[in-house]
Amino acid sequence: MLRELPREQSIDELGESLLIATPQEMIGKLAPYAELGINRVILNMNFGLDAQETLDAIQCFAEDVLPHFIISDAPMVAQ
């Protein structure tokens, strides 16, 4: 049996905290974090996707989003 977990976060707040976007929009959404020096993100790309769609989403992120961020010893900076 499934039951809803208690949650203090509203649906609107949840929508603001999730980063669901096109690759170009994702670059813009991640840029403020990079500017703060945050250089790691946790990705969960399998919200109901099958295995191949999840792999495609990961590949898209790796090819279309990550190259816009410089990874070095210094904090990440959006290009």
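The long axis of helix 23-35 is offset from the longest Cα principal axis of the chain by roughly 70 degrees.
Between E8 and K29, what length comes free when the chain is fully extended (0.36 nm per residue of separation minus the Cα-Cα distance, one decimal in nm)? Display every interim value, and only then the final one.
Numbers: separation 21, 0.36 × 21 = 7.56 nm, distance 2.38 nm.
Net length gain for the segment: 5.2 nm.
Listed from fewest to most Cβ neighbours within 10 Å, the set R7, R40 follows the order R40, R7. On a 0 to 90 degree scale, rounded to 10, what angle separates helix 51-60 from the longest Cα axis of the chain? Orientation of helix 51-60: about 30 degrees from the principal axis.
Before anything else, pin down the relative contact order of the range 20-78: Cα pairs under 8 Å, at least 6 apart, normalised by residue count, whole percent.
Values: 45 pairs, mean separation 29.6, N = 59.
After rounding, I find 50 percent.
The structure shown yields P(r) over Cα pairs in 5 Å bins from 0, in percent, and of the options [x] 3, 17, 32, 26, 14, 6, 1, 0; [y] 3, 13, 19, 21, 18, 13, 8, 4, 1, 0; [z] 3, 12, 15, 16, 15, 13, 12, 9, 4, 1, 1, 0, 0, 0 that calculated value carries the label [y].
With Cβ to Cβ distances under 9 Å as the rule, what net charge do the other residues near P23 carry (K, R +1; D, E -1)?
Working: positive: none; negative: E25, E63, D64.
Local net charge: -3.
Here the spin labels are modelled as points 7 Å beyond Cα on the Cα-Cβ line, and at T54 and I20 they lie 1.7 nm apart. For the range 29-71, the list of chymotrypsin sites (Phe, Trp or Tyr not before Pro) that fall in a loop by DSSP and count at most 14 other C-beta atoms within 10 angstrom reads F47.
Fewest Cβ neighbours within 10 Å first, please rank L5, L43 accordingly. Present the calculation step by step, with values, prior to reporting the outcome.
On the way: L5 5, L43 9.
Least crowded to most crowded, the residues run L5, L43.
As a proxy for reagent exposure, I58, I42 were ordered by neighbouring Cβ count within 10 angstrom, fewest first; the result is I42, I58.
Using just its DSSP H runs of length 4 or more, each adding -39500 (n - 2.57), the chain gives a mean residue ellipticity at 222 nm of -11000 deg cm²/dmol after division by all residues.
Values quoted throughout were computed directly from the atomic coordinates according to the rules given, and no laboratory measurement underlies them. None of these values were measured; they are calculated from a predicted model. When we count neighbours, we look across all protein chains shown, and the Cβ atoms used for this are built from the backbone with ideal geometry, even at glycine.
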